[in-house]
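Asks: Right, I'll just put the structure down here and ask away after.
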Amino acid sequence: MDDGVDVELEAWLESRETFEPPEAFVEQANVSDPDIYEAFEENWPACWERAADLLDWDRRWDAVLDEGDAPRYRWFVDGKLNAAYNCVDRHVEAGRKNRAAIRWVGKRGETETYTYGDLKRETEAFAAALRELGVGEDDVVTLYLPMIPELPVAMLACARLGAPHSVVFAGFSADALATRMDNADSEYLVTCDGYYRRGDALNHKGKADRAVRRLDQDVETVIVDRLGGGLPHSLGESQHDYDELTERHLNAEVDPVVRDSEDDLFVMYTSGTTGEPKAVRHTTGGYLSHVAWSSHAVLDLEPDDTHWCSADIGWITGHSYIVYGPLALGATTMMYEGTPDYPEKDRIWEVVERYDVDTFYTAPTAVRAFMKWGPEHPESHDLSSLRLLGTVGEPINPRAWKWYYKHIGGGECPVVDTWWQAETGGMMVTTLPGVSTMKPGTAGPPLPGIDAEVVDPDGEAVAPGEAGYLVVERPWPGMLRGLAGDDDRFVEEYWREYSDPDAGEWTYSAGDGAKIDEDGYITLLGRVDDVISIGDHRIGTMELESAIVGCEGVAEAAIVGAGGEVLAYVSTEQGHTGDAALRSAVVSGIEADIGEVAVPDHIVFTPELPKTRSGKIMRRLLEDIATGEELGDISALRNPEIVGELRARLAGETRSYLEPEE
Ligand code: WTA
């Protein structure tokens, strides 16, 4: 427990609303000149050359930005480069082949290190193998792998060939995989035999096989042997063993394919407001510049650093800040396969100590868990290697921020609360750790060169302190270039709401509520559409609700996010009750349609959902019930008697959740 000194410190922290960047940090920071904001402003868009100049180009661009076909912007026009060359080869050529590129810590405590030299050999061998299987430029290769080194290897092998990858999170179901492969017309799949979850070996290949059987196209599949024979599997027609393939191509030379700046580097499926996931397109030049620059300026990464981003590579955070950003800069990136509390609750800090991690980037939900587990876990390790901390994915409340700052950073590491999205490619709103004052709970000002604003429904800037919608007025290099195969939806979803096409003015709508203070700091208030973002996971409520409603006995479902958790309120059909059987049917339904990742933290059965007189589900009320907030105006409610019932049922559900049966 905290000693006397800590109590004082706690009180002091509590009383503070702002924090200056620690001096020692500023002195060594990659970016420490406050004039950078103005410099970017005065020289926009040419200021972004500073990002592109972090990369090696085969041909320099003719123009920084082409706005001719807005909102289909083009960055670093006619520039040529290869992303894998930038993330691997050039570091080897610079004499750093023995520098660790990837340090992997497996679920069972196994470890592996890939130097830049290893990474080059392995990606080249796998690129040669993929080419032999028929992969050519612009063929979409689907990667359905857990957090094992073969995942970034495969991504980089694809990048080497100019074949866009589409990484599908391993926790997604066969159905979800099939939908994505079908949508992307992907004829190549890299997956594995299985992986461990809570000690059990899961049959991953089974899921992949089921997905492929559902597809019309022929698929060449490569299978990584993750379990070392732990889960015997046989290879069918068009199925190839990863080791066998790469060994055959060991020492192969595959020249990095020169790509246009605007050529796709990857597509990333993400949840939207409809049940259909959308494929966000990211390009080679703009995306890589943006993530390299933000890794440099915000994560403050240097080539000698060991960086740990705790996300899964299956999500955009892992793409940008485990793989592309850190490797573009030649740093060492950590890959952690396990869970934060196994075998013990000090696991993360043990790894930080063992690998001398310099920068640590995680989700607020993880920080809240660390806080709940208590400061004794980080205290039992030497965390003095840490220089910077970051968060992403959801708002971080000031208490959790301060806990992180104090107990993990020891008051000596700046904390960056970074707002961005799969669509933005990289960070957009955050303090610059070597420049800006930090305000816990507030992400910060837009990054230099980023024109984020908070507006009312008419698109007018709101007054400080008032709630509005987060928009981005000017384009940025890492922006999505479209939704694969659906240009109308691209314009509709992101550009319709606040733009004035007749005047040639295009405004990107982020789908987040926000407010802004007198200093231009932006505080995020959560999604304003039917998407829930929690930690790494972004889930469309429609997608999830329709998976639940598909179960026999379920009448309706409403998903809400509250306090960092997802709740499903499920009303039952006449003659059915929310018993254990229905609960497990609902869970299986979600697992089959979307994947285990989408199973809510709580499922609350109810005879009916609260509805307005016009028959709309009152989601706001469901959220307030979940968080225990005062209920606002409920006069529009047709069935007010349901409130007490829901409260009682929720209490029962959370109690059983907190006290598991074992
Ligand atoms: C939310 C993850 C508050 C937001 C990188 C956004 C945040 C969605 C923050 C994107 C933050 C992300 N503070 N909310 N620092 N960062 N979000 O596409 O709602 O998985 O729109 O990208 O996460 O989730 P996505």
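Asks: Run the quick spin-label model on THR18 and GLU376: label points 7 Å from Cα toward the beta carbon, then report their separation in nm to one decimal.
Replies: Between THR18 and GLU376, the simple spin-label model gives 3.9 nm.
Asks: Shifting gears a bit: Please report Rg over Rh for the stretch 537-658, where both radii come from the alpha carbon positions and Rh follows the Kirkwood definition.
Replies: 0.94
Asks: Can I ask one more? Using the Kirkwood radius built from alpha carbon pairs, what does the Stokes-Einstein equation give as D for the stretch 408-496 at 4 °C and 1.567 mPa s, in µm² per second?
Replies: 87 µm²/s
Asks: Can you give the Rg/Rh ratio of the stretch 27-81, where Rg is from the C-alpha atoms and Rh is the Kirkwood radius?
Replies: That ratio is 1.06, to two decimals.
Asks: Given the Cα-Cα distance of SER238 and ARG489 and 0.36 nm per residue of separation, how much length would full extension add, in nm?
Replies: Computed gain between SER238 and ARG489 is 86.9 nm.
Asks: Would you mind telling me the antiparallel percentage of the DSSP bridges in the chain, rounded to 5?
Replies: So the antiparallel bridges in the chain amount to around 60 percent.
Asks: How would you rank TRP315, TRP401, TRP373, going from fewest to most other Cβ atoms within 10 Å of each one's own Cβ?
Replies: The most exposed by this proxy come first: TRP373, TRP315, TRP401.
Asks: Between rounded, prolate and oblate, where does the stretch 213-255 land on the alpha carbon gyration tensor, with a ≥ b ≥ c its root eigenvalues, rounded for a/c under 1.5, else prolate if a/b exceeds b/c?
Replies: Oblate.
Asks: Next question. So, by mean Cβ neighbours within 10 angstrom, what's the order for 216-223, 301-308, 153-160 with the highest one leading?
Replies: 153-160, 301-308, 216-223
Asks: Moving on. Residue separation times 0.36 nm, minus the C-alpha to C-alpha distance between SER588 and GLU42: what's the value?
Replies: Once the chain is fully extended between SER588 and GLU42, it gains 191.0 nm.
Asks: Given all pairs of different Cα atoms, what value in angstroms does the Kirkwood hydrodynamic radius of the stretch 105-187 take?
Replies: 13.6 Å
Asks: Here's another thing I want to ask about it. Computed FRET efficiency, Cβ-Cβ of ASN639 and THR577, R0 22 Å: what is it to the nearest 0.05?
Replies: For R0 = 22 Å, the calculated efficiency reads 0.75.
Asks: How much of the calculated P(r) for the stretch 376-532 lies past 19 Å, in percent of all Cα pairs?
Replies: 57 percent
Asks: For VAL531, list long-range residues whose amide hydrogen, built 1.01 Å from N in the peptide plane, is under 5 Å from its own amide hydrogen.
Replies: THR541
Asks: With a ≥ b ≥ c the root eigenvalues of the C-alpha gyration tensor of the stretch 1-153, is it rounded (a/c under 1.5), prolate (a/b larger than b/c) or oblate?
Replies: Judged from the Cα gyration tensor, the stretch 1-153 comes out oblate (a/c at least 1.5, b/c at or above a/b).
Asks: Right, something else. Would you mind giving the average projected area, over all directions, of the Cα convex hull of the stretch 245-305 in nm² with one decimal?
Replies: Dividing the Cα hull surface by four gives the mean projection, 7.8 nm².
Asks: Mind ordering 489-500, 548-559, 201-212, 355-366 by average Cβ neighbours within 10 Å, highest first?
Replies: Packing order, densest peptide first, comes out as 355-366, 201-212, 548-559, 489-500.
Asks: Can I ask one more? Answer rounded, prolate or oblate for the stretch 320-455, using the Cα gyration tensor with square roots of eigenvalues a ≥ b ≥ c: rounded when a/c is under 1.5, else prolate when a/b is larger than b/c, else oblate.
Replies: Because a/c hits 1.5 or more and a/b exceeds b/c, the stretch 320-455 counts as prolate.
Asks: Provide the percentage of antiparallel DSSP beta bridges, counting only those with both residues in the stretch 337-490; round to the nearest 5.
Replies: Here the antiparallel bridges make up roughly 45 percent for the stretch 337-490.
Asks: Looking at the stretch 361-414, what % of the alpha carbon pairs are farther apart than 14 Å?
Replies: Across the stretch 361-414, Cα pairs with separations above 14 Å total 48 percent.
Asks: Another question, if that's okay. Do any of LYS278/LYS616; LYS372/LYS402; LYS439/LYS515 go past 21 Å between their Cα atoms, and which?
Replies: From the list (LYS278/LYS616; LYS372/LYS402; LYS439/LYS515), the Cα-Cα distance tops 21 Å for LYS278/LYS616.
Asks: May I ask for the net charge around MET334, where only other residues with Cβ less than 12 Å from the Cβ of MET334 are counted and Lys, Arg are +1 while Asp, Glu are -1?
Replies: Taking every Cβ under 12 Å from that of MET334, the sum is -3.
Asks: For the chain, evaluate the Debye formula with one uniform point scatterer on each Cα (no solvent term) and list log10 I(q)/I(0) at q = 0.05, 0.06, 0.10 Å⁻¹, rounded to two decimals.
Replies: Debye intensities relative to I(0), on a log10 scale: -0.22, -0.32, -0.96.
Asks: What distance in nm separates the simple spin-label points at ASP33 and ARG214, each placed 7 Å from Cα in the Cβ direction?
Replies: 5.4 nm
Asks: Ok, one more. For a protection proxy built on the mean count of beta-carbon atoms within 10 angstrom, sort 320-328, 130-138 highest first, please.
Replies: Put in order of decreasing packing, that is 320-328, 130-138.
Asks: Let me ask something else. Determine the calculated [θ] at 222 nm for the chain from helices alone, applying -39500 (n - 2.57) to every DSSP H run no shorter than 4 residues and normalising by the residue count; nearest 500 deg cm²/dmol.
Replies: -8500 deg cm²/dmol
Asks: Convert 20 °C to kelvin, take the viscosity as 1.002 mPa s, use the Kirkwood radius over C-alpha pairs of the stretch 381-454 as Rh, and evaluate the Stokes-Einstein diffusion coefficient in µm²/s, rounded to a whole number.
Replies: In µm²/s, the coefficient rounds to 166.
Asks: Dividing the convex hull volume of the alpha carbon atoms of the stretch 48-137 by its residue count, what do you get in Å³ per residue?
Replies: 173 Å³
Asks: Let me ask something else. Amide H to amide H under 5 Å from MET335: which residues, 5+ apart in sequence or cross-chain, H placed 1.01 Å off N in plane?
Replies: Sorted by chain and number, the residues that satisfy this are ARG103, TRP104, VAL105.
Asks: With both partners inside the stretch 537-658, how many of the DSSP beta bridges are antiparallel, as a percent to the nearest 5?
Replies: Rounded to the nearest five, the antiparallel share is 65 percent.
Asks: Take the Cα atoms of the stretch 158-206, build their convex hull, and give its volume per residue in Å³.
Replies: Measuring per residue, one finds 90 Å³ for the Cα hull of the stretch 158-206.
Asks: Counting only C-alpha contacts under 8 Å and six or more residues apart, can you give the relative contact order of the stretch 537-658 as a whole percent?
Replies: Relative contact order comes out at 23 percent.
Asks: Could you let me know the centre-to-centre spacing of the stretch 572-615 and the stretch 28-50, using Cα atoms, in angstrom?
Replies: 50 Å
Any read-out appearing in this document is the output of simple, stated calculations on the displayed coordinates, not a laboratory observation. Everything numeric here is computed off the predicted structure, so don't read it as measured data. FYI the Cβ positions are ideal-geometry reconstructions off the backbone, even for glycines, and counts take in every protein chain you see.
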